[in-house]
Each structure stands twice: as structure tokens, then as C-alpha cells.
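J.: The structure that follows is given in the form of C-alpha cells.
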Amino acid sequence: MRTVAMILAGGRGSRLSVLANKRAKPAVPFAGKYRIIDFPLSNCVNSGITTVGVVTQYRPRSLQDHIRNGAPWDLDRMNGGVWMLQPYQGRLESDWYEGTADAIYQNMDFVRNTRSDLVVIAGGDHIYKMDYSILAAFHQEKQADVTIATLKVSLEEATRFGVVQTDSNYRAVKFEEKPKQPKGTLASMGIYVFNYDTLVKVLNEDAKDPNSSRDFGKDVIPKMLADNYRVFAFPYADYWVYVGTIQSYWEAHMDLLADQPPLDLLDREWIIHTRSEERPPVNIRTGATVNHSLITDGCVVEGSVEYSVLSPGVRVGRGAVVRYSIIMGDATI
């Protein structure tokens, strides 16, 4: 079946402090050479999805400069490819996006023109590898109207997510957005597969509701359950992290530095593509020590680096010690 992916990449990322002051959150650097948006984009092409809409809003130029025509992801195509979808103000039915559902609703003309049967909707600020074709196959097998990708979390973490309760066949029976007292630990990852016709219908209904906040988790999914749509939860058990805070951003980097990292960036079967500038090779000089670290092109190390990530062009001088740190591009220590 023909599938289009819509990546929601308009987030401001205020909790990432200075990292997102001048760029959209999905454009924030990650793991030295990448940007956060590289992960969902790479998931699309590795899953065989070659028509991708990137829905932007806050400081979109940071994403435009990075993605451009989509060549690093093999998305510079005559048919399909990657499209940057920005909000605009016009005479009719156009304005700044109110919520995640509204962002898709205002771009349904793009979705319609792709003539797709299925629509994958994913956030642009998550670090993970997922084969969306497996998610789509599960969706079709269950004859679902919408399928929500879900992950088991702790009871304490569940208060930050939409929590799904299911029957033995993975059909959702209840959905609660960010409950104060969660009754389960199956959390929505903010990744959905919709049948195209279903998506058109539920978004049109949501747009007519004056009490809706135009959000999938708060409004659309609970309303679909109330109206007895076939809502299913896809169980995902691999690595996934939402990098919404400085702490989670740091922890995700530290995960990469383990001898057996939960997210393998060396996997040639699932390459994370990116646009990166040309830099000379890393230069590790006499007397330098490097352990459990990721060192990106253009770095010069004369001191000591342990459990750290050095972005392109970083210089660590003789006698300097860098531990448990993420150093941004062209910094000198």
C-alpha cells in the first residue's frame, strides 16, 4: 500500500535552553555529527517510505538549511521526496498550528496529493530506530483505523505520556493523556498509522469541535475510542528516547558511550543518514588519552577525554580534562 510519512518538527524546545534558542528542537545537534531530525528521516527511508512531509513552525530555517533537497537521505526525487511544510496565513483555513492534529489538518492537501492509503505520523524530536513497514503491517493485520506505537515505561514515567490500556488482542480500550495517577504503563510514543480515509474524517470532525485543543493525544484518539473506532496499540520494545530536556539529552548521549550501546550507530543495516560538512580526520596527538567517547571529524585532542562526545572541530588542549560532557562544534577546551 502507498504510504506517506508526516514528521511533526515544529517544536520550540524551550526546556533545551540555549541549545534550541536559535533553532527548532529537531535541528539540535546529536551524537556529534547528527541532528535529532536525522533519526525519524532515516527511519522513513530505511522503511521504504520515500514521500515525507516535514511539518515545521518554530525557526524553520534551521531545518531547511539541514534538509534542503533531501539528498543525504535519498529523498531528492522527482516523485515523492521530502517536502518542508510551513504554516502560513491566508484568507481561508490557514494559520499557525494550534496542536499536532491541527498541523496535519492544515496540510491535508499535501497528504491527499500523494494518493496514499496509509499515513504515518511521527515526532521529529525522538531518538530511535523503527521499521515503519512492520508497524504498517501490524496495522493492516488488525484491520485498524489507527495504530499507536507504544512502549512499556515505569509507573513514575507514565505521568508524562499518553497511557493506553488494551485487551488481549492489543485493541485499545482506554487512552488517557498524561494521567496524574496512571492505571497502566503502556505509553504512547506519539507515532501513529492512520488509514487515509479515517484520518480525513476524524480531523474534519475535530476541526468542528469548539472545545478541542486540536491535539491527537488530548482530543482525537480519546474521541475515536468513544466513537468505537478500531484503535490498536503496537508493542515496541527497542530503544527510544524523547530528548525534551537537558537532562534527557545528556543521558541519551551517555547511553551511546557504553561498550554495547542500546542504539548502535555502527549498524550498516540501518544507517542513520545526515548532512555533514567536510572536515579533516580526527587528530589525536602525543600524550592524549581517549576512552569511551565519540570524536567527530575535525577534532584535535591533546588532553584527556573520557565518557564524552566531541562535535566537529572541537580542540582539547594539552592538560585539559573532559569528562561526562557533550562539547558543541568548534569549542576550545
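The values are calculated or read from the model by the stated rules, or taken from the named source; none is laboratory data. Note that the coordinates shown come from a computational prediction; the quantities given were computed from them, not determined experimentally. Methodologically, a virtual Cβ is constructed for each residue, glycine included, from the backbone with ideal geometry; neighbour enumeration extends over all protein chains shown. The protein model used for the area step is the full one, side chains on, heavy atoms only, and it has no ligands, DNA or RNA in it. Shrake-Rupley method; radii C 1.70, N 1.55, O 1.52, S 1.80 Å.
J.: For the chain, with only Lys/Arg (+1) and Asp/Glu (-1) charged at the beta-carbon, what is the dipole magnitude about the Cα centre, in debye rounded to 20?
T.: Working: 37 positive and 39 negative charges, 120 e Å.
Value, rounded to 20: 580 debye.
J.: Name the residues whose placed amide hydrogens come within less than 5 Å of the amide hydrogen of G10, ignoring near sequence neighbours (fewer than 5 apart) on the same chain.
T.: Q57
J.: Want the number for D109 to K223: 0.36 nm per residue separation, take away the alpha-carbon distance, what's left?
T.: Working: separation 114, 0.36 × 114 = 41.04 nm, distance 2.33 nm.
Gain in length upon complete extension: 38.7 nm.
J.: Label E156 and E251 with points 7 Å out from Cα along Cα→Cβ: what is the distance between them in nm?
T.: In this crude label model, E156 to E251 measures out at 0.9 nm.
J.: For the chain, what does -39500 (n - 2.57) per DSSP helix run (n ≥ 4), summed and divided by total residues, give at 222 nm, in deg cm²/dmol to the nearest 500? List each step's numbers first, then the result.
T.: Working: 8 runs with 68 residues, N = 333.
For the chain, the value works out to -5500 deg cm²/dmol.
J.: Something else: What accessible area per residue comes out for the chain, rounded to a whole number of Å², with a 1.4 Å probe? Mind dumping the intermediate values first?
T.: Numbers: 16300 Å² over 333 residues.
Computed with neighbouring chains in place, this is 49 Å² per residue.
J.: Using the structure shown, select from K142/K178; K174/K208; K178/K218 the pairs with a Cα to Cα distance greater than 18 angstrom. Display every interim value, and only then the final one.
T.: Numbers: K142/K178 26 Å; K174/K208 23 Å; K178/K218 9 Å.
Result: K142/K178; K174/K208 exceed 18 Å.
J.: Then there is this: Take A258, project a point 7 Å from its Cα along the Cβ direction, then tell me which residues of region 25-40 have their backbone nitrogen under 18 Å from it.
T.: 31
J.: Gain in length, S133 to M328, computed as 0.36 nm per residue apart minus the alpha-carbon separation, to one decimal in nm? Provide the component values of the computation, followed by the final result.
T.: Values: separation 195, 0.36 × 195 = 70.20 nm, distance 3.47 nm.
Between S133 and M328, full extension yields an extra 66.7 nm.
J.: Given H placed 1.01 Å from N in the peptide plane, which residues other than close sequence neighbours of G162 have an amide H under 5 Å from its amide H?
T.: K178, S188
J.: Name the residues whose placed amide hydrogens come within less than 5 Å of the amide hydrogen of A24, ignoring near sequence neighbours (fewer than 5 apart) on the same chain.
T.: Distant-sequence amide H within range of A24: S62, L63.
J.: State, to one decimal in nm, how far the label point of E205 lies from the label point of T289, with both points 7 Å from Cα in the Cβ direction.
T.: Reported label-point gap for E205 and T289 is 6.4 nm.
J.: Further, regarding this structure: Find me the longest stretch of the chain that has none of the exposed GluC sites (Glu not before Pro), where exposed means in a DSSP loop (not H, G, I, E or B) with at most 13 other Cβ atoms within 10 Å. Kindly include the intermediate steps, with their values, before the conclusion.
T.: Details: sites that count: E93, E156, E269, E277, E278.
Within the chain, the longest run free of exposed GluC sites (Glu not before Pro) spans 157-268.
J.: Suppose the chain between S168 and L266 were pulled fully straight at 0.36 nm per residue; how much longer would it get relative to their current alpha carbon spacing? Present the calculation step by step, with values, prior to reporting the outcome.
T.: Values: separation 98, 0.36 × 98 = 35.28 nm, distance 3.66 nm.
Contour length minus the Cα-Cα distance gives 31.6 nm.
J.: Kindly identify region 33-168 as rounded, prolate or oblate by the Cα gyration tensor criterion: order the square roots of the eigenvalues as a ≥ b ≥ c, call it rounded if a/c is under 1.5, otherwise compare a/b with b/c, prolate if a/b is larger, else oblate. Mind dumping the intermediate values first?
T.: Working: a/c = 1.42, a/b = 1.33, b/c = 1.07.
It is rounded, given that a/c, with a ≥ b ≥ c, falls under 1.5.
J.: Starting at the first residue of region 103-116, write each ³J(HN,Hα) from the Karplus equation 6.51 cos²θ - 1.76 cosθ + 1.60 with θ = phi - 60°, in whole Hz, x for Gly and Pro.
T.: Running phi through 6.51 cos²θ - 1.76 cosθ + 1.60 with θ = phi - 60° gives 4, 6, 4, 6, 10, 5, 5, 5, 4, 4, 5, 7, 6, 8 Hz.
J.: So which chymotrypsin sites (Phe, Trp or Tyr not before Pro) in region 1-96 pass both tests, a DSSP loop state and at most 14 other Cβ atoms within 10 Å of the Cβ? Walk me through the intermediate numbers first.
T.: On the way: sites: F30, Y34, Y58, W73, W83, Y88, W96; in loops: Y58, Y88, W96.
Listed in order of number, the matching sites are Y88, W96.
J.: Toward the positive end of the charge dipole of region 1-79, about the Cα centre and with charges on Cβ (Lys, Arg +1; Asp, Glu -1), which of A5, A27, V54 goes farthest?
T.: Checking the options against the dipole of region 1-79, the answer is A27.
J.: Each residue of region 159-168 in turn: what ³J(HN,Hα) in whole Hz from Karplus with 6.51, -1.76, 1.60 and θ = phi - 60°, glycine and Pro shown as x?
T.: For region 159-168, the Karplus curve yields 5, 9, 10, x, 9, 10, 10, 10, 8, 5 Hz.
J.: Between E277 and D117, with labels modelled 7 Å along Cα→Cβ, what's the label distance in nm to one decimal, could you check?
T.: Placing both labels 7 Å along Cα→Cβ, they lie 4.5 nm apart.
J.: Which trypsin sites (Lys or Arg not before Pro) in region 95-159 pass both tests, a DSSP loop state and at most 10 other beta-carbon atoms within 10 Å? It would help to have the intermediate numbers written out before the result.
T.: Numbers: sites: R112, R115, K129, K142, K152; in loops: R115, K129, K142.
Hits after loop and neighbour filter: R115.
J.: Now for a different question. Treating the beta-carbon of each Lys and Arg as +1 and of each Asp and Glu as -1, no other charges, what is the dipole magnitude of region 135-216 about its Cα centre, to the nearest 20 debye? Provide the component values of the computation, followed by the final result.
T.: Values: 11 positive and 12 negative charges, 40 e Å.
That gives region 135-216 a dipole magnitude of about 200 debye.
J.: Pop out the ³J(HN,Hα) list for region 146-154 in order, Karplus 6.51 cos²θ - 1.76 cosθ + 1.60 with θ = phi - 60°, rounded to Hz; leave Gly and Pro as x.
T.: Coupling constants for region 146-154: 8, 10, 10, 6, 10, 9, 6, 10, 6 Hz.
J.: I need to check one value: relative contact order of the chain, counting alpha carbon pairs closer than 8 Å and at least 6 residues apart, in percent. Walk me through the intermediate numbers first.
T.: Working: 716 pairs, mean separation 57.8, N = 333.
Taking the mean separation of contacting Cα pairs over the length of the chain, I get 17 percent.
J.: Name the residue from W250, G217, G190 whose Cα lies farthest towards the positive end of the charge dipole of region 171-317, charges +1 on Cβ of Lys and Arg and -1 on Cβ of Asp and Glu.
T.: G217
J.: Which whole-number percent is the relative contact order of region 11-65 (Cα, under 8 Å, 6+ apart)?
T.: Numbers: 50 pairs, mean separation 21.9, N = 55.
Relative contact order of region 11-65: 40 percent.
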